[in-house]
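Below you'll find the structure, written out as structure tokens, and then a few comments.
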Amino acid sequence: MTSERTTFALPTKSVSALVKERAGKLSPVIIDGDEPQKFTIFDTFEHNVAGRHVALLEVGGEFLLLSRNGALLTQTSKRGGDFVADLAEGPVRDALSHITPLRSLLPLGQGEVQQTAVAFVDDEEKTQARVSVMQLSGPDGDGIAIVGLSGLRGYDKALDRVRAEVEAIGGTTLDASSIYARLLPGVTPFVSRPDVPLEADQTAFDTATAVIAAHLPLARVNEQGTIDDTDTEFLHHYRVSLRKIRSVISLFKGVYDPEQTASLKDRFSALMAKTGRLRDLDVYLLERDDFYGLVPETVHGGLDRMFKLFEAERSGELKKLRSHLRSDAYAAEMKSLEKLFNKRKSLKPGPSADRHALDYAAKLIWKRYRKICTIAQGITDATPDEEVHELRIQCKKLRYLMEFFQPLYSDKAIRSLIASLKKLQETLGNFNDFAVQQESLQAFLNTLDKSTDEALEIAQAVGALTAVLHRRQLEERDQVTGRFRQFNSPETQKSFRDLFHGGKA
């Protein structure tokens, strides 16, 4: 037996050979064929569909989901929106249930599909194997064929002969990368963490500059999605990329000239400031259903009014951000920043610029880790919330440093430490979110005309919601010390010491 595979990717130029040439003593006969139809290929901006399956196509009012094992799931493409939860019930929706509700399905490209059924028959015209051929062609005419083989009971050798013939004319493993490369040239999946090759003996200046240069394109690739407003995650990842850049400038102390460091902080902070309120409103609207579940139905009317105001404000904020992202001033600023970190001629080194990256990384990470230990060990029930917030900030800075310098260390060792840190961050993040939401809701109430019935109804709803958020904040606060003990186990302490204080890379 040549292999066990029954599904292949085949160059379209080889399809004619498949339907015309014999496989041993078997002859191909076309038994069914459809007229070409238009298709649209869908995926999330992170390519979550391709990550687990092969491709999601919409053809003639139906969704076709191609799986890696060659299975083809179908259901109606009627839907109430762009998210998986908005799809009609069916096998495609079930198979896509792994995709987070925050990711919308986006049209990535179009083309034509033609399906053909072929039988391989013996000299007595008895069918011994069947082949299905789905030819997909993109707008430029290039394409790929998906070939599925099926045998008949008692004819295993016939199936082997057909399989060998498909492999001989160029059949390869079916995967998403081959489909996307042929049908969506130039479309690449978004990655939240770029691969930045680092060397232990390169300078801290080169390391910082390389990290920033790699994150700038990540911000830019999210601009159009933010403008189109197809998925709130575009804006979220735009902000994350800029925040990480700003963190490099702040955390890599002494790498750049102090005056230039201050200027860069101001420039990136100005870019972030344009997006803050829109992201806050996105978060509220994404949590709408959760908020309704937290309070009695008697105050749902107030939430209705509040979210209506949020939606109206969001429309205005989106309009302002679109104008900003489309402006000549924004284009000029981003072009200037890209040139600064790619060309490097105008970057001014600071007093720590020539330090070796590994030594510099170890010092920064160890110092931040010890600071976290000092803060956490001093937290009691009487500790002000501000100190708990400070612990969260320091944990975020530590994680950024470890992720930035990860290529310099044993991947397994540092991944384990980052995973432990994430668990602590989750509790601290929830604590912070509940606190910020209370403050933000109170600030929102202060903007209302308190003499109106609408303001009174909203205030009642916000009061009920704030009480629940406060209770949850206290619950998360109670878990902080326990979470820190879990994070800072003796094994974790030894790993930090070995990696970052003993100089072991």
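The values are calculated or read from the model by the stated rules, or taken from the named source; none is laboratory data. Predicted model, so just to flag it, every value in this text is computed and none were measured. Every residue, glycine as well, gets a Cβ built from its backbone with ideal geometry; the counts of neighbours run over all protein chains shown. Areas reflect the complete protein model, heavy atoms only, side chains present, ligands, DNA and RNA absent. Shrake-Rupley method; radii C 1.70, N 1.55, O 1.52, S 1.80 Å.
Worth a mention:
- Filter result for ALA200 (open to solvent by 20 Å² or more (accessible area, probe 1.4 Å), small (Gly, Ala, Ser), modelled with pLDDT under 95 and more than 30 Å from ALA461 (Cβ to Cβ)): yes
- From the options ASP381, ASP359, ASP354, residue that is at pLDDT below 90 and surrounded by fewer than 17 Cβ atoms within 10 Å (Cβ to Cβ): ASP381
- Residues of the stretch 481-502 that turn out to be charged (D, E, K, R) and surrounded by 16 or more Cβ atoms within 10 Å (Cβ to Cβ), as a count: 1
- Test: residue in the stretch 204-212 that is in contact with a strand residue (DSSP E or B) (Cβ under 6 Å, 6 or more places away or on another chain) and either free of Cβ contacts under 8 Å to residues at least 40 places away in the same chain or part of a helix (DSSP H, G or I) (or both): yes
- Any chance ASP231 is more than 30 Å from ALA357 (Cα to Cα), within 20 Å of the chain's Cα centre (by Cα), open to solvent by less than 40 Å² (accessible area, probe 1.4 Å) and in contact (Cβ under 8 Å) with a residue 12 or more places away in the chain: yes
- Pairing each residue of the stretch 338-365 that is in contact (Cβ under 8 Å) with a residue 60 or more places away in the chain with any residue that is loosely packed, with under 14 Cβ neighbours inside 10 Å and among the charged types (D, E, K, R), provided the two are 6+ apart or on different chains, yields C-beta distances under 6 Å for HIS356/ASP201.
- Selection of strands (runs of 3 or more DSSP E) fully inside the stretch 1-112 by the criterion of at least 1 residues being open to solvent by less than 30 Å² (accessible area, probe 1.4 Å) and β-branched (Val, Ile, Thr) returns 7-11, 37-43, 55-59.
- Qualifying residue in the stretch 216-225 (condition: within 26 Å of LEU285 (Cβ to Cβ), of a type in the set (Asp, Glu) and open to solvent by less than 70 Å² (accessible area, probe 1.4 Å)): yes
- Selection from the stretch 129-175 of residues that are open to solvent by less than 10 Å² (accessible area, probe 1.4 Å) and assigned to a helix (DSSP H, G or I): ALA158, VAL162, ARG163, VAL166
- Per the listing LEU108, LEU159, LEU136, LEU149, the residue uniquely in contact (Cβ under 8 Å) with a residue 24 or more places away in the chain and within 30 Å of ARG288 (Cβ to Cβ) is LEU108.
- Selection within the stretch 450-480: residues that are open to solvent by 90 Å² or more (accessible area, probe 1.4 Å) and without any contact (Cβ under 8 Å) to a residue 12 or more places away in the chain. The member of this set that is farthest from the chain's Cα centre (by Cα) is SER451.
- The single residue among GLU313, GLU333 that is among the acidic types (Asp, Glu), more than 25 Å from PRO101 (Cα to Cα), assigned to a helix (DSSP H, G or I) and modelled with pLDDT of 95 or more turns out to be GLU333.
- Some residue of the stretch 61-70 being more than 28 Å from SER150 (Cβ to Cβ) and among the acidic types (Asp, Glu): no
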